[in-house]
Amino acid sequence: LLLFEGKKEATPFQLPKTESLTESPVVAPPVTDRTRLSLLRPLPLPDLDGLSKNITGARLVNLWLSTCPTCKNELTEWKEHAAEFAEAGVEVVAINVDPEENKEVWNKLDLPFTYRFGTPELVEKFDVIQRSLLSRQRPLPVPSSFLISASGELCAVYKGPIDPATIIRDASLA
């Protein structure tokens, strides 16, 4: 019942007429190992064996395996855009995550980037970072890359191969 000021009687309340809702199917996105995560607020990083320190522009840390064709193709494609990376202030550090260091493949690729061998402890640090950001318990795939700002903060995470144009565009985040 509704009461109105100045009226002696209450009027019955009627629910407004609404159209009934119809069910729609829930479509989940496919699960893949390809993700581009651009952080709204850069994340301060712990020391990553010096990788988050002494950065002049942006640093793109790439984790790769010498037995991974996708990794080698990605690095080769980046080589073709090395001048554009430099112009955008992006320094590429390629971390070889093979169980045992094998510089033979690196030397054959003849890349203009900084090479480092990744210890299991360093790889685990990057894995923990990506798992905490993505709330998934899926292991870190290769290739994977992390864009770090001059102040040592994480700006973007790339799981799977990433094209040079995206990296150059995202460098403005760093």
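The values are calculated or read from the model by the stated rules, or taken from the named source; none is laboratory data. Every value quoted in this text rests on a predicted model; they were computed, and no experiment measured them. Virtual Cβ from ideal backbone geometry, glycine too; neighbours counted across all protein chains shown. Please note that ligands, DNA and RNA were not included when accessible areas were found on the heavy atoms of the full protein model with its side chains. Shrake-Rupley method; radii C 1.70, N 1.55, O 1.52, S 1.80 Å.
The table that follows gives values for the structure above.
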read-out: Cα lying deepest toward the dipole's positive end in the chain, options P16, S151, N54, charges on Cβ; value: P16
read-out: Local electrostatic count at G50 - Lys and Arg +1, Asp and Glu -1, tallied over other residues with Cβ under 15 Å; value: 0
read-out: Exposed chymotrypsin sites (Phe, Trp or Tyr not before Pro) absent - longest run of the chain, DSSP non-H/G/I/E/B, at most 13 other C-beta within 10 Å; value: 14-174
read-out: 10 Å Cβ shell holding at most 15 others, DSSP loop, trypsin sites (Lys or Arg not before Pro): longest site-free stretch of the chain; value: 54-135
read-out: Full-stretch length increase - E124, D49 - with 0.36 nm per residue and alpha-carbon distance subtracted; value: 25.8 nm
read-out: Charge-dipole axis of region 47-138 as Lys and Arg at +1 and Asp and Glu at -1 on Cβ define it, positive-most pick from P120, N96, N107; value: P120
read-out: In degrees, nearest ten, helix 120-134 long axis to first principal axis of the chain (Cα); value: 20
read-out: Within a Gaussian network of the chain (alpha carbon springs, distance under 10 Å), most fluctuating of P16, P69, P161; value: P16
read-out: Cysteines (scope the chain) whose Cβ has no counterpart Cys Cβ under 4.7 Å; value: C155
read-out: FRET efficiency for N107 and S135, using Cβ-Cβ distance with R0 set to 35 Å, rounded to 0.05; value: 0.35
read-out: Whether region 6-45 is rounded, prolate or oblate, judged on the alpha carbon gyration tensor where a/c under 1.5 counts as rounded; value: oblate
read-out: Length released on extending from F13 to E100, taking residue separation times 0.36 nm less the Cα-Cα span; value: 23.6 nm
read-out: The chain - accessible surface per residue (Å², probe 1.4 Å); value: 63
read-out: Selection of GluC sites (Glu not before Pro), region 54-156, meeting DSSP coil and at most 15 other Cβ within 10 Å; value: E100, E101
read-out: Fraction of accessible area attributable to carbon and sulfur, the chain (%, probe 1.4 Å); value: 54
read-out: Potential lengthening between T22 and T67 on full extension [0.36 nm per residue; Cα-Cα distance subtracted]; value: 11.1 nm
read-out: Cα-based shape type of region 80-174, given that a ≥ b ≥ c are square roots of the gyration tensor eigenvalues and the cut on a/c is 1.5; value: oblate
read-out: 0 to 90° range, to nearest 10: angle between helix 69-80 axis and the chain longest Cα axis; value: 80
read-out: Cβ charges +1 (Lys, Arg) and -1 (Asp, Glu), total dipole of the chain, debye; value: 560
read-out: Given charges at Cβ of Lys, Arg, Asp, Glu: the chain dipole, positive-most of P25, P164, Q137; value: P25
